[in-house]
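One structure is given here, and the rest of the page talks about it.
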Amino acid sequence: MDALDRVVKPKTKRAKRFLEKREPKLKENTKNAMLIKGGNANLTVTEVLKDIYAVKKPFAVLYKKKNITRPFEDQTSLEFFSKKSDCSLFLFGSHNKKRPNNLIIGRMFDYHVLDMIELGVEKFVSLKDVKNSKCPEGTKPMLIFAGDMFDVNEEYRRLKSLLIDFFRGPSVPSIRLAGLEYVLHFTALDGKIYMRSYKVLLKKSGCKIPRIELEEMGPSLDLVMRRTHLASDDLYKLSLKQPKALKPKKKKNISHDVFGTTYGRIHMQKQDLSKLQTRKMKGLKKRPAEKSAEDGGVSPKKSKSG
């Protein structure tokens, strides 16, 4: 049995807290990413991994030593590192004659590889090559996807989902305008994926809403898609399954239309409308002849007082 698979009973309070942190939760922790360098990674691939690590910090782990593995042939090393570092996302960099400047981006489900897409780096501009000001560490980026391929092609659609998972950062309850200062833009055009990073500059505009300018800050990547390893529809559906406790309870007799208007249905007992008290008006008052006709008899004559 693998050392990481066996049931471990904590002997100290610190070990107990560590194991509790890794237990399944209703609201999962922010996904961490591990960045692994292959056995034959060149300078370009190493710089790409360092820059992506700088963008992802503090939710990333960078392995500096080279690891001789081929993820598309054997995934056991990735699964081992995933369990060891508690990371559900990974980026593997390698370089060879057949596939130069190679990146493999993927994600895990239950510590097993779910999706994996291989990308080739055709052009790279690092963070240090762009001499503009940078965003502080841990800034949550705004993600923009341009191009019809992200909506039409299944592989590009899955890549879009993977990139959102990789770069989205922590979930936040509220947003302030000054915190929106980092943009990651992905464009799919002519069989290539262009990744660009921008810093948002808020300029004076003479009114409450500031004028927005984008300043490129790096890293910048021109990528081309190579091999893919996508999960089956059943496994992908299983990975998206939510616990029952998180699903909102359905309220009875309440419905919504396409515009978001809420409609409520009230159930009442059957009402006798003949006994309904209406507004009293002289015009609606019945005459004595109508009353006698309704009663079916002749109204008795009043006796004359002598």
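Straight-line reach from Lys291: taking Cα to Cα under 29 Å and skipping same-chain neighbours fewer than 8 places apart, the lysines in range are Lys270, Lys275, Lys280, Lys282, Lys301, Lys302, Lys304.
Gain on full extension, evaluated as 0.36 nm per residue between Thr12 and Gln271 minus their Cα-Cα distance, stands at 86.3 nm.
Averaging Cα coordinates gives a centre for region 259-292 and one for region 147-166; these two points are 60 Å apart. When only Cα pairs below 8 angstrom with a gap of at least 6 residues are kept, the chain shows a relative contact order of 15 percent. In the chain, the DSSP-assigned H stretches of four residues or longer account for a calculated mean residue ellipticity at 222 nm of -6500 deg cm²/dmol, using -39500 (n - 2.57) per stretch and the full residue count as denominator. The accessible area of Arg196, taken with all protein chains in place and a 1.4 Å probe, comes to roughly 50 Å².
Using the crude model of +1 on Lys and Arg Cβ and -1 on Asp and Glu Cβ, and no other charge, please compute the dipole size for the chain relative to its Cα centre, in debye to 20.
On the way: 66 positive and 35 negative charges, 539 e Å.
Computed charge dipole of the chain: roughly 2580 debye.
Viscosity 1.567 mPa s, temperature 4 °C: give me the Stokes-Einstein translational D for the chain in µm²/s, with Rh taken as the Kirkwood radius over C-alpha pairs. D = 52 µm²/s.
On a full-extension model of 0.36 nm per residue, what is the gain between Phe109 and Arg70, subtracting their alpha-carbon distance, rounded to one decimal in nm? All intermediate terms of the calculation are to be shown ahead of the outcome.
On the way: separation 39, 0.36 × 39 = 14.04 nm, distance 1.92 nm.
Difference between extended and current length: 12.1 nm.
Amide H contacts of Asn67 (H built 1.01 Å from N, in plane; Pro and chain starts excluded): Lys37, Gly38, Gly39 sit under 5 Å, all sequence-distant by 5 or more or on other chains. In the structure shown, the pairs Lys84/Lys192; Lys65/Lys98; Lys50/Lys237; Lys56/Lys98; Lys160/Lys204 are assessed against 27 Å; a Cα-Cα span above that value is assigned to Lys84/Lys192; Lys50/Lys237; Lys56/Lys98; Lys160/Lys204.
Straight-line reach from Lys247: taking Cα to Cα under 18 Å and skipping same-chain neighbours fewer than 8 places apart, the aspartates and glutamates in range are Glu28.
Taking a straight Cα-Cα cut-off under 19 Å and skipping sequence neighbours fewer than 8 places away in the same chain, the aspartates and glutamates within cross-link reach of Lys31 are Glu20, Glu23, Asp51, Glu79, Asp86, Asp110, Asp115, Glu137, Asp165.
Residue-wise HN-Hα couplings along region 177-184, as the Karplus relation 6.51 cos²θ - 1.76 cosθ + 1.60 with θ = phi - 60° gives them from phi, are 4, 5, x, 8, 10, 9, 10, 10 Hz; Gly and Pro carry x. Once the C-beta distance of Ser161 and Leu202 is scaled by a Förster radius of 30 Å, the resulting FRET efficiency is 0.45 to the nearest 0.05. Principal-axis analysis of the Cα atoms of the chain puts helix 154-167 at an angle of about 80° to the longest axis.
The values are calculated or read from the model by the stated rules, or taken from the named source; none is laboratory data. Quick caveat, the model's predicted, so the values are computed rather than measured. Using ideal geometry, Cβ is built from the backbone for each residue, glycine included, and neighbour counts are taken over all protein chains shown. Note: areas computed on protein heavy atoms with side chains; ligands, DNA, RNA excluded. Shrake-Rupley method; radii C 1.70, N 1.55, O 1.52, S 1.80 Å.
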